[in-house]
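**Student:** Have a look at this one.
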Amino acid sequence: MTDPVAAVEIEGVTKRFGEVVAVDNIDLAIGDGEFFALLGPSGCGKTTTLRMIAGLDLPTEGSLRIFGEEVGMAPPDRRPVNTVFQAYALFPHMTVRQNIEFGLRMRGIKNPELRQRVAEATGMVRLAGMEERRPDQLSGGQQQRVALARALVNQPKVLLLDEPLGALDLKLRQEMQQELKALQREVGITFVFVTHDQEEALAMSERIGVMSEGRLLQVGTPREIYDRPASRFVADFIGRTNILEASVESASTVRLDNGALIEAETSTPEGSRVAVSLRPERVRLQPRGTTAAEGSSLDGEVRDITYLGHAVVYEVAAGPVSIEVRVEGEVGEPFAAGDEVTVAWDRGAAAVVAD
Amino acid sequence: MGPARRSSPTAGAAGEEAAALARRRQGMLLASPGALYLLIFFVAPLGLISVYSFATRTSTGRTSLSGWNVESYRALGDDIIVGIIGRSAWLATLTTVLCVVVGYPFAYYIATRPRHVRAVLLVMVMIPFWTNALVRVFAIRFLLGSNGPASALSESLGFGTFRILFTPTAVTIGMVYSFLTFMVLPLYVALERMDWSLTEAARDLYASGAKAFWKVTLPLTRSGIVAGCVLVFVPSFGSYVVPDILGGAKTLLVGSYIARQFRDARNWPLGAALSVLLIVAMLVAVALNQRSGSGAEDGSRPRNRRRGPDQGEAETVTAVAS
């Protein structure tokens, strides 16, 4: 880590529930002011990791530091973090104001500071005028704002968000993505959020940690995760991709199992079994015979065409493998099912991933 | 086109009305056996009691239905009767409070166990409830008797034998034992429906475990507490068997007093008047409970939406039935 002190530092943390290993020996450092996403399918341990940072679950092993201070075994009320819960967990028997005040009151903060901070927080999430309503009188988006205000009013060092947008419909979710990003820039604190939605993670976060079966598979910027996935799982989980079985021929070439030799940079030793990830939108479809100046290609036959409005997806059979090609921004459909075609891509479009 | 248009909605409305009438008839048909039963064996006797409460007791102890008066109600102001009512109210209050104190942690424990353990524990709560009340009270009498095991244990520990039977303490113990189930079940239902992420949110917002309980768990289970209190207070106020058997009828309570008016003293009008008073008091308590119950439901609605309505009760019912 380049930062002198990480906002959250997780070292060798394991969480077991009886026989089940929910989180398996994780190391992770999240920088000060970072917008970090923990991404993975349900049951991958991302929520448990977040709950351990919050103190709602305690690690079985390992060390957890917040701004250098060991908090692994501290109860949730002794940690400088606050949580936006998945279904918001707003107190139904309290008004919006009472919900937002709760944390401040628990820490003995009195008027006028109390009133001022509540007013600031309600203004920040644009809830002014709703203070006397009860949570069940609010829409889903408004409840979400109350949950945010209730956490942020405490000025935590780290804000934890558990699937914060999961309960909202698509349009509202996209709006809230932008709002959350703006909010994070405004308050400047570290946001750690958990999601199973890879698009959301790519769109919102500065860095992503991809988890599966309790392990942290890869940590990187959205671009790194998307373009240079470290494993077959990451390549497959983030976006759509074509996975082609291959073995390494040299440092710059791999041979696909159908015999074709393609260019791809790899540090994996010669002869080892690998997979090649080819993004559908990074490959082109050409009439058979036209050769590309550089890069690689595979011959095949169009099997199926799916029209998506903004894009057309071709399914091309290249020997035993099937390759998805996504063409955007093209007028008309130059190819029909049964056409002999060549799938071509630029050098660097193919990513070699370890198994 | 005009007339056709006009006539068809009218026909539709008439059809709907007929359908509604048919539905209402069907509903009445379904309810009638139960309604008839309640009418004959509940409403009619209650009516009779009310009528008797305005009657006169003759010098020979017979009830004269001529000459209506409110003498019996006036007699309720008598010092002895006021004392009896006060004592009964105190015992019922004590029983209710002890039931909350004992029952809440118990219900909390059950509600926070894994699902299959909960079902077993609930059945264990229900077993004494299914046992004959008289048998249970006599069991307590045996336990607390001066030759009973409790006394023997105390003697073997060097505290000497004790005489607890036929004291208010024995009555209180028996009452709490008899009515605890009525407290535990509504509390369990309330706690089982509790959304525990709310207490987690409270902990996350700097509340200690105890603060989270007082500020979140307790207010959100208030409906269960109120329901349990009504269910315990009402029957223990008029309770007759427990004080009679464990109290040795030494400390007179309302239930025993009413029974005595009907059986021994042969003052039916007075017994009837006292009964009417108890019934009215009970109705008031139930009405208050209903009001606070609906208020608390407002608070829990968003949780219900998430978990499916009335899952809690459904589970209790199945657990009890199995």
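The values are calculated or read from the model by the stated rules, or taken from the named source; none is laboratory data. In this text, all values refer to a predicted model and were calculated from it rather than measured experimentally. A quick note on method: Cβ atoms are made from the backbone with ideal geometry, for glycine too, and the neighbour counts reach across all protein chains shown.
**Student:** Right, residue B:191: more than 14 Å from chain A (Cβ to nearest Cβ), modelled with pLDDT of 90 or more, part of a helix (DSSP H, G or I) and in contact with a Ser or Thr (Cβ under 8 Å, 6 or more places away or on another chain) or not?
**Tutor:** Values: more than 14 Å from chain A (Cβ to nearest Cβ): yes; modelled with pLDDT of 90 or more: yes; part of a helix (DSSP H, G or I): yes; in contact with a Ser or Thr (Cβ under 8 Å, 6 or more places away or on another chain): yes.
Yes; evaluated as a whole, the condition is true for this residue.
**Student:** I've got another one for you. Inside the range A:267-307, can you point out the residues that are surrounded by 12 or more Cβ atoms within 10 Å (Cβ to Cβ), closer than 20 Å to residue A:339 by Cβ and without any contact (Cβ under 8 Å) to a residue 40 or more places away in the chain?
**Tutor:** Across the range A:267-307, the qualifying residues are A:302, A:303, A:304, A:305.
**Student:** Something else now. Run residue B:217 past the list (1) over 16 Å from residue B:167 (Cα atoms); (2) polar (S, T, N, Q); (3) not in a helix (DSSP H, G or I) and report the number of the one that doesn't hold.
**Tutor:** Result: residue B:217 passes all but (3).
**Student:** Could you tell me whether residue A:276 is closer than 24 Å to residue A:151 by Cα and touching a Leu at 6+ places or on another chain (Cβ under 9 Å)? Spell out the reasoning first.
**Tutor:** Values: closer than 24 Å to residue A:151 by Cα: no; touching a Leu at 6+ places or on another chain (Cβ under 9 Å): yes.
No.
**Student:** For the subset of the range A:27-75 comprising residues that are of a type in the set (D, E, K, R) and in a loop (DSSP other than H, G, I, E, B), which member is nearest to the chain's Cα centre (by Cα)? Don't jump to the end; show me each part of the working.
**Tutor:** Here is the first cut: in the range A:27-75, the residues of a type in the set (D, E, K, R) are A:27, A:32, A:34, A:46, A:51, A:57, A:61, A:65, A:69-70.
When the remaining residues are screened for being in a loop (DSSP other than H, G, I, E, B), the result is A:32, A:34, A:57.
Numbers: A:32: 18, A:34: 14, A:57: 22 Å.
Taking the candidates together, the pick is A:34.
**Student:** Do you know which of the residues in the range A:105-146 that are touching a residue at least 40 places away in the same chain (Cβ under 8 Å) and more than 28 Å from the chain's Cα centre (by Cα) is farthest from the other protein chains (Cβ to nearest Cβ)? It would help to see each step written out before you state the result.
**Tutor:** At the first step, the residues of the range A:105-146 found to be touching a residue at least 40 places away in the same chain (Cβ under 8 Å) are A:107, A:124-125, A:134-136, A:138, A:143-144, A:146.
Filter again for more than 28 Å from the chain's Cα centre (by Cα), leaving A:107, A:134-136, A:138.
Working: A:107: 5, A:134: 8, A:135: 6, A:136: 5, A:138: 10 Å.
It comes out as A:138.
**Student:** Next question. If I filter the range A:77-90 for residues that are more than 14 Å from chain B (Cβ to nearest Cβ), closer than 21 Å to residue A:125 by Cα, in contact with a strand residue (DSSP E or B) (Cβ under 7 Å, 6 or more places away or on another chain) and not in a helix (DSSP H, G or I), do I get at least one hit? Steps first, answer last, please.
**Tutor:** Initial filter on the range A:77-90 (more than 14 Å from chain B (Cβ to nearest Cβ)): none.
No.
**Student:** Being surrounded by fewer than 23 Cβ atoms within 10 Å (Cβ to Cβ), within 12 Å of another protein chain (Cβ to nearest Cβ), of a type in the set (Asp, Glu) and farther than 26 Å from residue A:194 by Cβ: is that true of residue A:101 here? Show your work before the answer.
**Tutor:** On the way: surrounded by fewer than 23 Cβ atoms within 10 Å (Cβ to Cβ): yes; within 12 Å of another protein chain (Cβ to nearest Cβ): yes; of a type in the set (Asp, Glu): yes; farther than 26 Å from residue A:194 by Cβ: yes.
Against the criterion (surrounded by fewer than 23 Cβ atoms within 10 Å (Cβ to Cβ), within 12 Å of another protein chain (Cβ to nearest Cβ), of a type in the set (Asp, Glu) and farther than 26 Å from residue A:194 by Cβ), residue A:101 qualifies.
**Student:** Cβ-Cβ below 6 Å, separation at least six or inter-chain, first residue in the range A:220-236 and farther than 10 Å from residue A:351 by Cα, second part of a helix (DSSP H, G or I): which pairs?
**Tutor:** Partner pairs satisfying both residue conditions: A:222/A:202.
**Student:** Just one of (1) in a helix (DSSP H, G or I); (2) aliphatic (A, V, I, L, M); (3) within 14 Å of another protein chain (Cβ to nearest Cβ) trips up residue B:207, so point out which.
**Tutor:** If we test residue B:207 against (1) in a helix (DSSP H, G or I); (2) aliphatic (A, V, I, L, M); (3) within 14 Å of another protein chain (Cβ to nearest Cβ), just (1) comes out false.
**Student:** Could you please find all residues in the range B:265-286 being of a type outside the set (A, V, I, L, M) and within 18 Å of the chain's Cα centre (by Cα)?
**Tutor:** Initially, the range B:265-286 is screened for residues of a type outside the set (A, V, I, L, M), giving B:266-269, B:271, B:275.
Across the range B:265-286, the qualifying residue is only B:275.
**Student:** Of all residues in the range A:149-176 being part of a helix (DSSP H, G or I) and within 13 Å of chain B (Cβ to nearest Cβ), which is surrounded by the most Cβ atoms within 10 Å (Cβ to Cβ)?
**Tutor:** If we filter the range A:149-176 for residues that are part of a helix (DSSP H, G or I), which is where we start, we get A:149-152, A:170-176.
Those still in the list that are within 13 Å of chain B (Cβ to nearest Cβ) too: A:149-152.
On the way: A:149: 23, A:150: 31, A:151: 24, A:152: 23.
Only one residue fits best here, namely A:150.
**Student:** While we're looking at this one, here's another question. Go through (1) crowded, with 21+ Cβ neighbours inside 10 Å; (2) over 26 Å from the mean Cα position of the chain (by Cα); (3) among the acidic types (Asp, Glu) one by one and return the number of the condition residue B:192 breaks.
**Tutor:** (2)
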